[in-house]
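Coordinate-derived values only; no laboratory data. Given the structure is predicted, the values throughout are model-derived calculations rather than measurements. All Cβ positions, even for glycine, are placed from backbone atoms using ideal geometry, and neighbour counts span all protein chains on display.
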Amino acid sequence: MSRILNISTYRFVSINDPDAVKTRLLPHAQALGLKGTILLAHEGINAFLAGAETAVRSFLAILDDDERFLNLDVKESWSDTVPFRKMLIKVKSEIIAFRQDGLNPSEAPAPAMSAAELKARLDRGEDIVLLDTRNDVEVETGTFKNAVFWGNKNFTEFADVAKARVGELGNKTVVSFCTGGIRCEKAAPFLKSLGAGNVYQLQGGILKYFEEVGRDHYEGDCFVFDERAAVDPGLAPTSR
């Protein structure tokens, strides 16, 4: 097994003191020798970290000490080297930029569909619209078979495209998906607000699907935003 543990995690939760959280967490992350990025905003936390397994798990224990971050849903993968160059914690207006007022995923989330349920329904040949909310570069690296992609160059553009094309979804069952799930925490309820009736988000995104199901119904690899470039369905780094 490779020696570097890579994790990604997020949670939409009210944080009234993101600057104070940054001040508290950064020294711990640095002392543990971690590299990566943590985004903090009033709407929640979004983290991508890598380091020695003991160091990463120690930091997760520190996060657990804050009730707002207790028992985060963490996606894990392994690599031979650290795919980040620095340890950064940034306070932002959003932990994932979408720029649509009125969305609060922690208060009004769209229902989630697990990887196992999605696979089972696809195995049965159910008529499901798999809606890729990522950007064009990510989609070129890999996506679900017969997935719908609306051609957006970034996630903020997805909102504008969705307003124009939501009618194409009709009353079909829609499962929106992205890399780790965070974008669909906003995309899925946004689609519902536009009138789409039966919208789910893929729980944990493609990475959780790979972890729990593997390659079934998926073609290619998954683009990731670090020096690994992409991971295969075994969550091993791969060139793209």
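Show the residues, 5+ positions off or on another chain, whose built amide H is closer than 5 Å to the amide H of Val148.
Leu130, Leu131, Asp132
Would you work out the relative contact order for the stretch 112-238, in percent, from Cα pairs under 8 angstrom that are 6 or more residues apart?
That works out to 29 percent.
Which residue, chosen from Ala112, Ala162, Leu194, occupies the Cα position most advanced towards the positive end of the dipole of the stretch 112-238, where the dipole is computed from +1 (Lys, Arg) and -1 (Asp, Glu) charges on Cβ about the Cα centre?
Most positive-ward Cα: Leu194.
³J(HN,Hα) across the stretch 165-177 via Karplus (A = 6.51, B = -1.76, C = 1.60, θ = phi - 60°), whole Hz, x for Gly/Pro?
Result, ordered by residue: 10, 4, x, 5, 7, x, 9, 5, 6, 10, 10, 7, 8 Hz.
So the label point goes 7 Å from the Cα of Asp66 along Cα→C-beta, right? Which residues of the stretch 80-111 then have their backbone N under 18 Å from it?
87-96, 106
Using θ = phi - 60° and the Karplus relation 6.51 cos²θ - 1.76 cosθ + 1.60, list the HN-Hα couplings for the stretch 20-30 in order, rounded to whole Hz, with x at every Gly or Pro.
5, 5, 4, 4, 7, 7, 4, x, 5, 4, 5
Let a ≥ b ≥ c be the square roots of the eigenvalues of the Cα gyration tensor of the chain; is it rounded (a/c under 1.5), or, if not, prolate (a/b larger than b/c) or oblate?
oblate
Using θ = phi - 60° and the Karplus curve 6.51 cos²θ - 1.76 cosθ + 1.60, what whole-Hz ³J(HN,Hα) does each residue of the stretch 181-191 get, with Gly and Pro shown as x?
x, 5, 5, 6, 4, 9, 5, 5, x, 5, 4
Report the relative contact order of the chain, percent, no decimals, based on alpha-carbon pairs under 8 angstrom and at least 6 residues apart.
In percent, rounded to a whole number, it is 19.
Which GluC sites (Glu not before Pro) in the stretch 92-176 pass both tests, a DSSP loop state and at most 15 other beta-carbon atoms within 10 Å?
Taking the stretch 92-176 and a limit of 15 other Cβ atoms within 10 Å, the loop GluC sites (Glu not before Pro) found are Glu107, Glu126.
Can you tell me which lysines have their Cα less than 24 Å from the Cα of Lys35? Leave out same-chain residues fewer than eight positions away.
Output for Lys35: Lys22, Lys75, Lys86, Lys90, Lys92, Lys208.
Are there trypsin sites (Lys or Arg not before Pro) in the stretch 41-94 that DSSP marks as loop and that have at most 11 other Cβ atoms within 10 Å, and which are they?
Arg85, Lys86
Restricting to DSSP H runs of at least four residues, report the calculated mean residue ellipticity at 222 nm for the chain, -39500 (n - 2.57) per run over all residues, nearest 500 deg cm²/dmol.
So the calculated ellipticity at 222 nm is -9000 deg cm²/dmol.
Show the residues, 5+ positions off or on another chain, whose built amide H is closer than 5 Å to the amide H of Asn198.
Long-range HN contacts for Asn198: Val174.
Only bridges with both residues in the chain count here: give the DSSP antiparallel percent, nearest 5.
Among the beta bridges of the chain, antiparallel pairing accounts for roughly 60 percent.
Given the options Thr9, Ile62, Phe48, identify the residue whose Cα lies farthest towards the positive end of the charge dipole of the stretch 4-91 (+1 on Cβ of Lys, Arg; -1 on Cβ of Asp, Glu).
With unit charges placed on the Cβ atoms, the residue in question is Phe48.
For the stretch 112-238, just say rounded, prolate or oblate: build the C-alpha gyration tensor, square-root its eigenvalues into a ≥ b ≥ c, call rounded for a/c under 1.5, and beyond that prolate if a/b exceeds b/c, oblate if not.
Verdict is oblate for the stretch 112-238.
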